[in-house]
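One structure below.
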Amino acid sequence: MQEEIELKRSMGIWSGLALVIGTVIGSGIFFKQAGVLQDAGNSTTALLAWLAGGVITLAAALSIAEVGARLPKTGGLYSYIESLYGPTAGFLTGWMQVIVYAPAVIAAIAGYAAFLTANFFGLSTGDASWIAVIYIAFIVGINTLENRVSAAFQVLTTSIKLIPIAVLIGYGLFFGKVDALGQTIHQVSASTNGGFGVAILATLFAYDGWILLANIAGEMKNPRRDLPRSLIFGVSIVVVAYVGVTYGVFHALPANQIVKLQNNTTFAVAQAAFGDFGGRALSLGIIISMLGTLNGKMLAFPRMAYAMAQDGLFPKYLGRLTKRTQVPTNSIVSVGLLAILLAIFYTDGVDRLSDLAIFAIWIFYTAAFFGVFILRKKSEKDPLATNDTLFKVPLFPLTPLIAIFGAIFVLYSTIVSDFLGVSISLVMVLLGLPVFYYYKKKNNVLR
């Protein structure tokens, strides 16, 4: 019977690490240096912005690690918010991520990878949308197999994407001839400097994606142990990679040249190191990097849809597992089809759609960070509270407070810079309410 089929717990610490690193590191690490530098105004402040963004992200990961250790469920943020604040808040969390953000961000990543692929092979950029469809279909196919296959693909692509990162860091450190610190760009674009806060905001969006590991907690061999370790070590590696690449680039090229080159900055470093071959090799590395990110998204988001269907809040077919593979095939294919439709018919709008969803997601992030305090308060009734092996966030309450203030900074900055987008984002969240009440009544959801 279907009820006897359960998610297969076959993922360990290496799969978790690969998912965190592979999902966060996509193309941003190769394209963001110029933008952050331009906002910061000088190379020292830009490096500090990357470091500050990393500290906030690490504090967020540590906070979620404790929440996840106490609530080791498939569904990630949806399950956490549902457990902490009730089914309505939980549903709206999942609704925004599964219906809006997931297909939009998958279509956007596939579109970037397809555009680079078309350029790499000298094809018409008009073919990019179909290449994007092929990429999405390929990743969907991998994820409909046993989860060890998609996990192995994640480990492989993550390992490969670390190669160009290591090369960029190494070349900049050992062969760069520019002072990485103290360079200013006021003579190029003084009027465009956004300041330290805006620079941090840009890095926080580049660090986003680590929380998706929580979506597969139900498929980890030991989620109480491996989920916190994967989050902490994975985010730490990402921070080192981001700061390292940025320092390497700043050490290899003058600040003014970096701002002029914009998205071509890392290509210029690669070409300086290895000629035209270096530029093409970096392009290939970025394509593989984005395929890994695509796989991480496809691995994580359908699990949220599956968990919501299991709770009676989404169509029942999304809550079924394939008997042979023990994966939520229906959810995987459904999310993939939504992404393919966006890739074909809404190419120019997927970036904007995913940007709109980001604000709402950060609202739920903030609520989850407060969950550390809520769960600590309830811990007297929790038998696990006396368990020494249960992960507890270090430097409590400072660490979760850093995460909370970082999240509030993101929300405030977004409201100030894009009030219309924020309003649209909130409307999209509220559109989930009638859907929630429909399924709550239909399936007699009492929780």
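Tabulated data
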read-out	value
Complete set of residues in the range 1-15 that are open to solvent by 40 Å² or more (accessible area, probe 1.4 Å) and modelled with pLDDT of 75 or more	ILE13, TRP14
Number of the exception - ALA309 against (1) at positive phi; (2) open to solvent by less than 20 Å² (accessible area, probe 1.4 Å); (3) touching a Lys or Arg at 6+ places or on another chain (Cβ under 7 Å)	(1)
Long-range neighbours under 6 Å by Cβ, at least six apart or interchain, first residue without any contact (Cβ under 8 Å) to a residue 12 or more places away in the chain within the range 252-279, second in a helix (DSSP H, G or I) and open to solvent by 30 Å² or more (accessible area, probe 1.4 Å)	GLY278/GLN271
Pairs with Cβ under 8 Å, 6+ apart, first in the range 40-63 and more than 13 Å from THR203 (Cβ to Cβ) and among the small types (Gly, Ala, Ser), second open to solvent by less than 10 Å² (accessible area, probe 1.4 Å) and not in a helix (DSSP H, G or I)	GLY41/ILE185; SER43/ALA180; SER63/VAL393
Residues within the range 410-436 that are in a helix (DSSP H, G or I) and open to solvent by 60 Å² or more (accessible area, probe 1.4 Å), tallied	11
Wholly enclosed helices (runs of 4 or more DSSP H) of the range 16-78 bearing at least 3 residues over 23 Å from GLY94 (Cα atoms) and open to solvent by less than 10 Å² (accessible area, probe 1.4 Å)	33-40, 43-70
Test for LEU342: is it at pLDDT 85 or above and touching a Lys or Arg at 6+ places or on another chain (Cβ under 6 Å)	no
Any hit, the range 146-167, residues being touching a Phe, Trp or Tyr at 6+ places or on another chain (Cβ under 9 Å), open to solvent by less than 20 Å² (accessible area, probe 1.4 Å) and modelled with pLDDT of 90 or more	no
Scope the range 110-122; condition open to solvent by 20 Å² or more (accessible area, probe 1.4 Å) and either touching a residue at least 60 places away in the same chain (Cβ under 8 Å) or touching a helix residue (DSSP H, G or I) at 6+ places or on another chain (Cβ under 8 Å) (or both); matching residues	GLY111, TYR112, PHE115, LEU116, ASN119, PHE120
Residues satisfying the stated conditions in the range 311-357, i.e. farther than 16 Å from LEU145 by Cβ, of a type outside the set (Asp, Glu) and in a loop (DSSP other than H, G, I, E, B)	GLY312, LEU313, PHE314, PRO315, ARG320, TYR346
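The values are calculated or read from the model by the stated rules, or taken from the named source; none is laboratory data. Just so you know, these numbers come straight off a predicted model, no measurement behind them. We place every Cβ from the backbone using ideal geometry, glycine too, and count neighbours over all the protein chains shown. Heavy atoms of the whole protein, side chains included, go into the accessibility calculation; ligands, DNA and RNA do not. Shrake-Rupley method; radii C 1.70, N 1.55, O 1.52, S 1.80 Å.
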